[in-house]
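A.B. asks: Pasting a structure here, questions to come.
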Amino acid sequence: MAYATKNILINRIHDRVITDCSARHLRGRIIDIGCGTKPYAAALAPYIESHIGVDHPGSPHDRSKVDLCGTAYDIPAEPGVFDGALCTAVLEHLEEPEKAIRECHRVLKPGGVAVYSVPFIWHLHEEPRDFFRFSKYGLQYLFEKVGFELLEMRALSGFFTTFGALSSYYIRRLNRGPLRWLRLIDLACLSIQGTAWALDRISRDERYTWMYVLVARKA
């Protein structure tokens, strides 16, 4: 997958962890909640039998890969029909995240596994549909409340990667005129992210993570 210079580091980290968790936990028939363009279809293909994507009619993303038209609150499927679920960077855009987690629980078979990615420290995006940020304790509370057993919770970064990525996003607003022609902002973004990656390897404080990936099993 090709990445813009403003987010190359965090996307590579996110994709690697999603692929790793999916390879170890997802099997059979999965539902991809808020699937967008199904960016993980190729990575998941070796481990699963079918990849069903659900998204809502007002999605800002290309809907050509959507299999079911619905929402995270109302997935058009019978109870207990999926072996697994994937939901990446969607929960923050929902007014009622607990209701969405409960709906995921409904469509999973007993023992079915869900893989979620959820932001903790990040800027506003896809406004005005951006409602929440989640700590690891809040996520544990929400998932256990609806009947999931938490198997894994992984912070994807420390302080330096989080704020290096945010700095890259911020300085992109300067990418115009001669700076754009000379690709100076692109070079600055790559330099910031490379330095952030190196510093995170020296001192990784996960209290400042930009995102969590969690794996939960339906009891």
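The values are calculated or read from the model by the stated rules, or taken from the named source; none is laboratory data. Here the structure is a predicted model, which is why all the values come from computation and not from measurement. Ideal geometry is used to build each Cβ from the backbone, glycine not excepted, and the neighbour counts take in all protein chains shown.
A.B. asks: Look at residue 201 and say whether it is touching a Lys or Arg at 6+ places or on another chain (Cβ under 9 Å), closer than 28 Å to residue 43 by Cβ and among the charged types (D, E, K, R).
C.D. replies: no
This table checks each residue for (1) closer than 29 Å to residue 172 by Cβ; (2) in contact with an Asp or Glu (Cβ under 6 Å, 6 or more places away or on another chain); (3) hydroxyl-bearing (Ser, Thr, Tyr).
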position	(1), (2), (3)
6	yes, no, no
9	yes, no, no
27	no, yes, no
39	yes, no, no
59	yes, no, yes
65	yes, no, no
79	no, no, no
88	yes, no, yes
99	no, no, no
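A.B. asks: What single numbered condition from (1) over 24 Å from residue 135 (Cβ atoms); (2) among the aliphatic types (A, V, I, L, M); (3) touching a helix residue (DSSP H, G or I) at 6+ places or on another chain (Cβ under 6 Å) fails to hold for residue 184?
C.D. replies: (3)
A.B. asks: Hey, does the stretch 71-83 have a residue that's in contact with a Pro (Cβ under 6 Å, 6 or more places away or on another chain) and not β-branched (Val, Ile, Thr)?
C.D. replies: no
A.B. asks: Give the stretch 2-12 a look and list any residue that's touching a Phe, Trp or Tyr at 6+ places or on another chain (Cβ under 9 Å) and either crowded, with 20+ Cβ neighbours inside 10 Å or part of a helix (DSSP H, G or I) (or both), or say none.
C.D. replies: Listed by number, the residues that qualify are 6, 9, 10, 11, 12.
A.B. asks: Still on this structure, please answer the following. If the Cβ limit is 7 Å and pairs must be 6+ apart or interchain, which residue in the stretch 128-145 that is farther than 20 Å from residue 106 by Cβ pairs with which residue that is charged (D, E, K, R) and modelled with pLDDT of 95 or more?
C.D. replies: 130/92; 131/92; 131/95; 132/92; 133/92
A.B. asks: Just name the residue that is surrounded by the most Cβ atoms within 10 Å (Cβ to Cβ) out of those in the stretch 56-91 that are in contact (Cβ under 8 Å) with a residue 60 or more places away in the chain and either among the polar types (S, T, N, Q) or assigned to a loop (DSSP other than H, G, I, E, B) (or both).
C.D. replies: Here the answer is 88.
A.B. asks: Looking at the stretch 171-206, which of its residues are without any contact (Cβ under 8 Å) to a residue 40 or more places away in the chain, assigned to a helix (DSSP H, G or I) and either closer than 18 Å to residue 123 by Cα or among the charged types (D, E, K, R) (or both)?
C.D. replies: Within the stretch 171-206, 171, 173, 174, 180, 192, 201 meet the criteria.
A.B. asks: Quick check, is residue 135 modelled with pLDDT under 95, among the polar types (S, T, N, Q) and under 30 Å from residue 22 (Cβ atoms)?
C.D. replies: It is false that residue 135 is modelled with pLDDT under 95, among the polar types (S, T, N, Q) and under 30 Å from residue 22 (Cβ atoms).
A.B. asks: Restricting attention to the stretch 12-40, which residues are aliphatic (A, V, I, L, M) and within 18 Å of residue 69 (Cα to Cα)?
C.D. replies: Residues of the stretch 12-40 aliphatic (A, V, I, L, M): 13, 17-18, 23, 26, 30-31, 33.
Within the stretch 12-40, 30, 31, 33 meet the criteria.
A.B. asks: So, in the stretch 40-55, exactly how many residues are outside any helix (DSSP H, G or I) and either touching a strand residue (DSSP E or B) at 6+ places or on another chain (Cβ under 8 Å) or among the acidic types (Asp, Glu) (or both)?
C.D. replies: Qualifying residue count, the stretch 40-55: 10.
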